[in-house]
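Following: one structure in structure tokens, then a few remarks.
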Amino acid sequence: MDNTALSETSPIPSRQHLLDRLSVITPVLIIFAIVFTLSAIKNIYDTSTNAMSLGSSAIATLENYIDNTTSELAELNRHVSSTCSVEDTQRLRQYVFQSPKAKEVSLFDENGQVYCSSSEGKTRFDVGKAALKQINQTPTLTTIALSESRSHDKAIFIYSANEDLSGINALLPPNLFLELITPKFEQQYYDYQVNILQHSLEHKTGSENQAYRSYNFKSERYPISLTIHLTPHSYFTNFGQHIWRVILLASAIAVLYQAIRNYKLTRNSLAFSLKEAINNHELELNFQPIVDIHEPKIVGSEALIRWNNPDHGAISPTIFIPLAERIQVIEQITHQVFKLVTEFVNLNPHLVQNQYISINVSRTLIIKAKFVDYLEKYAKKNPDILPLLLLEITEDNDFSPEELEVVRNNLGHLKQLGFKIAMDDFGTGYSGLNFIHQHAFDIIKIDQVFIKSLSQNSAIDSVITSMIKLAKQLKMRVIAEGVETHEQVEHLRGLGVRYIQGFYYSKPLPAEDYLLKLTAQMDSY
Ligand code: C2E
Ligand code: CA
Ligand code: CA
């Protein structure tokens with residue numbers, strides 16, 4: 001059964017999966033928390049600034065209204081006489097009729113006594129002493145007042161007087177001033193009150209909250225002021241109105257953060273570094289000698305790739321070769337190995353004359369027509385090097401019967417071209433015997449796992465003996481890999497193994513060290 005299929009359909013997410021998720025979600029949550037906190041702090045300042053600018057503009061609106069009304073009244077005053085004739089009363093009534101707000105206009109004498117009015121009968125309001133005083137103190141001889149009648153009705157008065165303090169006034173509904181400024185405060189949830197002299201008109205939002213802060217705005221020209229009270233509700237409302245900006249900003253920062261993080265992760269990832277190493281030709285070769293123990297002498301070597309990354313250090317090919325296969329750069333790497341081996345041979349022809357060099361060829365490549373073409377071209381271009389080369393290929397359980405057929409054809413073709421072929425890690429795959437019968441290998445390499453348990457497990461002896469027997473029948477040579485001790489060498493010699501690769505003779509060596517070994521060997525003959 002396929003394990004990966006099992007794990008993919010498993011409904012329980014793995015611990016690692018959850019941790020990965022958390023590592024993505026947590027910074028996003030932190031970004032949102034920081035942006036929201038900073039915005040909430042900024043909102044305190046913004047709400048106050050907003051209230052202040054609205055307050056000043058509300059005062060200007062009221063002053064404007066009063067200015068217009070006083071000049072209308074002054075104009076009307078010029079057209080009436082102090083006799084309160086029928087025409088005078090009619091003029092006053094016509095003004096009230098045409099005015100959208102004025103409920104009544106009256107003429108008063110220098111003692112503040114109303115003697116003529118647009119209303120039927122006597123007006124309920126006289127001009128108070130306070131208002132007269134106020135008029136007297138104003139250069140424009142205008143003022144406003146909030147008065148209360150004997151029946152406790154409130155009304156706003158706007159006055160325009162003559163030099164002798166007689167004049168005209170208009171009575172307006174008490175809530176007029178609130179109505180004039182309310183549109184400005186709509187949706188702002190501020191409590192505010194308009195103060196006219198010692199009286200005030202209040203507007204409540206209905207919020208139960210205590211005022212957190214209050215701002216006062218005073219008119220320079222009229223006895224009118226405005227107080228705005230900011231409650232917690234005001235701050236919340238202001239914040240709520242700009243919440244989309246906060247969300248947008250936090251999302252933008254989160255997206256930017258994730259983009260930078262992904263970019264860094266990619267940059268730091270092994271896959272990214274490997275691609276860079278290939279492009280910068282950072283990959284090198286080591287050569288591990290293969291020894292004929294009958295002589296004894298070095299008969300060849302295996303080229304083993306090495307990658308020393310400045311950030312990650314030395315990385316084992318057991319890690320980056322499977323990665324290279326996954327990210328499909330193994331072909332590029334193998335081209336570089338062929339190039340390095342070719343340079344090595346061309347630089348030291350006399351030392352490698354009767355030697356051979358084996359090159360590992362990934363299973364994923366051996367079924368590719370393009371790679372076989374590459375080898376065909378290589379063979380034509382380097383006929384002198386070709387006899388020295390041995391291609392090491394591991395068996396693969398994952399090949400389908402059709403793919404196996406392709407492998408068989410390709411290996412046959414490569415042999416015809418003149419390449420020698422070795423079966424690497426023999427005995428570790430299931431198809432071993434089948435595979436080896438079908439393909440004409442020149443060499444089989446017995447995998448290290450058999451050598452490791454040589455002395456502990458006597459059954460291994462018979463396995464190795466039958467491997468050697470089979471190789472003899474099929475006319476293949478045998479190399480034992482991973483030999484580390486003298487006992488292992490002697491044991492293998494007893495079983496009939498002649499060629500040995502392992503740390504006992506030498507670890508994989510940089511090219512110059514391997515050349516020194518070859519030179520020393522040459523000198524000894
Ligand atoms: P491999 O082809 O089986 O290579 C032999 C590995 O066994 C090498 O490991 C070598 O250093 C190690 N070895 C040799 N003698 C001993 C010993 O006595 N004791 C122990 N413990 N180890 C020994 P290395 O160089 O790390 O390579 C590992 C694998 O990476 C290779 O296994 C091969 O499959 C792959 N590889 C290396 N170079 C290339 C390459 O150029 N192309 C491809 N496709 N694969 C490569
Ligand atoms: Ca190998
Ligand atoms: Ca091997």
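The values are calculated or read from the model by the stated rules, or taken from the named source; none is laboratory data. It should be emphasised that the depicted structure is a prediction, and the values quoted were computed from it without experimental measurement. Using ideal geometry, Cβ is built from the backbone for each residue, glycine included, and neighbour counts are taken over all protein chains shown. SASA here: full protein model, heavy atoms, side chains in, ligands and nucleic acids out. Shrake-Rupley method; radii C 1.70, N 1.55, O 1.52, S 1.80 Å.
What residues have an amide H closer than 5 Å to that of LEU509, excluding those fewer than 5 places away on the same chain, when H is modeled at 1.01 Å from N in the peptide plane?
Here the answer is PHE287, GLN288, since their amide H atoms fall under 5 Å of that of LEU509.
Using a 1.4 angstrom probe, figure out how much accessible area the chain has per residue, in square angstrom, rounded to the nearest whole.
Working: 28860 Å² over 525 residues.
Here the residues of the chain average 55 Å² of exposed surface.
Contact order normalised by length for the chain, with contacts defined as Cα pairs under 8 Å and 6 or more residues apart; what percent is it? Could you put the intermediate results ahead of the total?
Details: 710 pairs, mean separation 51.9, N = 525.
The normalised contact order for the chain reaches 10 percent.
When the dipole is taken about the Cα centre of the range 257-407, and only Lys, Arg (+1) and Asp, Glu (-1) are charged at their Cβ, what size is it in debye, to the nearest 20? Write out the running numbers ahead of the final one.
Details: 14 positive and 20 negative charges, 148 e Å.
Dipole of the range 257-407, to the nearest 20 debye: 700 debye.
Just the number, please: carbon plus sulfur as a percent of the accessible area of the chain, 1.4 Å probe, no ligands or DNA/RNA counted. Intermediate values should be presented prior to the final figure.
Values: 15940 of 28860 Å².
Looking at the chain in its full context, I get 55 percent from C and S.
Under a plain spin-label model, where a point goes 7 Å from the Cα along Cα-to-Cβ, how far apart in nm are ASP164 and ASP292?
Output for this residue pair reads 14.5 nm.
Do any GluC sites (Glu not before Pro) in the range 90-123 lie in a DSSP loop with no more than 10 other beta carbon atoms within 10 Å, and if so, which?
Numbers: sites: GLU104, GLU110, GLU120; in loops: GLU110, GLU120.
Those that pass, being in a loop and sparsely packed, are GLU120.
Using the alpha-carbon atoms, what tilt in degrees (0 to 90, nearest 10) does helix 458-473 show relative to the longest principal axis of the chain?
The helix 458-473 is inclined about 70 degrees to the chain.
Near the amide H of LEU230, under 5 Å away, which other amide H atoms are found, from residues 5 or more places off or on another chain, if H is placed in the peptide plane?
Here TYR212, ARG213, SER214, TYR215 satisfy the definition.
Order THR69, THR61, THR83, most accessible first, counting only protein heavy atoms with a 1.4 angstrom probe. Walk me through the numbers on the way to the answer.
Numbers: THR69 10, THR61 40, THR83 100 Å².
Final ranking, largest accessible area leading: THR83, THR61, THR69.
Out of ILE305, GLN328, PHE108, whose Cα points farthest toward the positive end of the dipole of the chain (charges: +1 Lys, Arg; -1 Asp, Glu; placed on Cβ)?
Farthest along the dipole direction, towards plus: ILE305.
Cα atoms only, the range 10-154: Rg and Dmax in Å?
Every Cα atom of the range 10-154 included, Rg and Dmax give 31.2, 102 Å.
Could you work out how much longer the chain between ASP109 and VAL255 gets when fully extended? Use 0.36 nm per residue separation minus the Cα distance between them, nm to one decimal.
On the way: separation 146, 0.36 × 146 = 52.56 nm, distance 7.49 nm.
Net length gain for the segment: 45.1 nm.
Mind giving me the nanometre distance, one decimal, between the label points for SER99 and THR342, set 7 Å out from Cα along Cα→Cβ?
10.5
About its Cα centre, what dipole magnitude does the range 386-525 give when the only charges are +1 on Lys and Arg Cβ and -1 on Asp and Glu Cβ, stated in debye to the nearest 20? Each step should come with its number before you reach the end.
Working: 13 positive and 19 negative charges, 131 e Å.
So the dipole magnitude of the range 386-525 works out to roughly 640 debye.
If you keep only loop residues by DSSP, which GluC sites (Glu not before Pro) in the range 201-268 have at most 11 other Cβ atoms within 10 Å of their Cβ? Could you put the intermediate results ahead of the total?
Numbers: sites: GLU202, GLU208, GLU220; in loops: GLU208, GLU220.
Here the sparse-neighbourhood loop sites are GLU208, GLU220.
Can you give the percent of C-alpha pairs in the chain whose distance is more than 32 Å?
66
Would you mind calculating the gained length between ASN68 and THR140 on full extension (0.36 nm times residue separation, minus the Cα-Cα distance), in nm to one decimal? Each step should come with its number before you reach the end.
Numbers: separation 72, 0.36 × 72 = 25.92 nm, distance 1.31 nm.
Length difference between fully extended and current span is 24.6 nm.
7 Å from Cα along Cα→Cβ at both ALA211 and GLN193: what's the point-to-point distance in nm?
Computed distance between label sites ALA211 and GLN193 equals 0.7 nm.
Kirkwood Rh and Cα-based Rg: tell me the resulting Rg over Rh for the range 380-525, rounded to two decimals. Walk me through the numbers on the way to the answer.
On the way: Rg = 16.9 Å, Rh = 16.9 Å.
In the range 380-525, Rg relative to Rh is 1.00.
On the full set of protein chains, 1.4 Å probe, figure out the accessible area of HIS233 and give it in Å² to the nearest 10.
It works out to around 70 Å².
Quick one: putting +1 on the C-beta of Lys and Arg, -1 on the C-beta of Asp and Glu, what dipole do you get for the chain around its Cα centre, in Debye to the nearest 20?
Details: 47 positive and 57 negative charges, 48 e Å.
With only Lys, Arg, Asp and Glu charged at Cβ, the dipole is about 240 debye.
Which length gain, in nm to one decimal place, applies between GLU87 and ARG15 when the Cα-Cα distance is subtracted from 0.36 nm times their residue separation?
Working: separation 72, 0.36 × 72 = 25.92 nm, distance 9.57 nm.
Roughly 16.4 nm would be gained on extension.
Set the Förster distance to 56 Å, then compute FRET efficiency between ASP46 and LYS368 from the Cβ-Cβ distance, nearest 0.05.
Details: r = 65 Å, r/R0 = 1.16.
The formula returns an efficiency of 0.30 here.
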